[in-house]
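Reading through the structure tokens given below for one structure.
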Amino acid sequence: MSILNSKVIAQSESNSHGKGASQSVIPPDNVQTTSGTDEVFSFPELCLFFQKPKSSMYALVAAGRAPQGFHVGRDLRFRKSVVLAWIEAQELSEYETRAS
């Protein structure tokens, strides 16, 4: 069992207070995780980062033309490392298009 799994199990055992307590999800061993130092943008922060209005960013996300995000409840979150990698991929794509 990985260190991450043992920490999650320990947390879920210490957090269970009987009836109605929420259960923690234990990720499988083959899931890659970050060290926890990767910053996460909220959707409004992503809009500020790209200097785009929320409506434009929602359209880009819906069309799959924005960095991959994930939900925390109803809210979208975006890892900074994923956003920066997406920007690099866009730059490379543009460079290749111009070079050909």
Requested in this report: Determine whether Pro53 is at pLDDT 95 or above and surrounded by 10 or more Cβ atoms within 10 Å (Cβ to Cβ).
Outcome: yes
**Report entry** Residue pairs meeting the criteria (Cβ under 7 Å; at least 6 apart or on separate chains; first surrounded by 10 or more Cβ atoms within 10 Å (Cβ to Cβ), in segment 63-80; second in a loop (DSSP other than H, G, I, E, B))
**Finding:** Leu76/Gly69; Arg77/Gly69; Phe78/Pro67; Phe78/Gly69; Arg79/Asp38; Lys80/Asp38; Lys80/Glu39
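The values are calculated or read from the model by the stated rules, or taken from the named source; none is laboratory data. These figures come from a predicted structure and were not determined experimentally. Cβ atoms come from the backbone with ideal geometry, glycine included; neighbour counts cover every protein chain shown.
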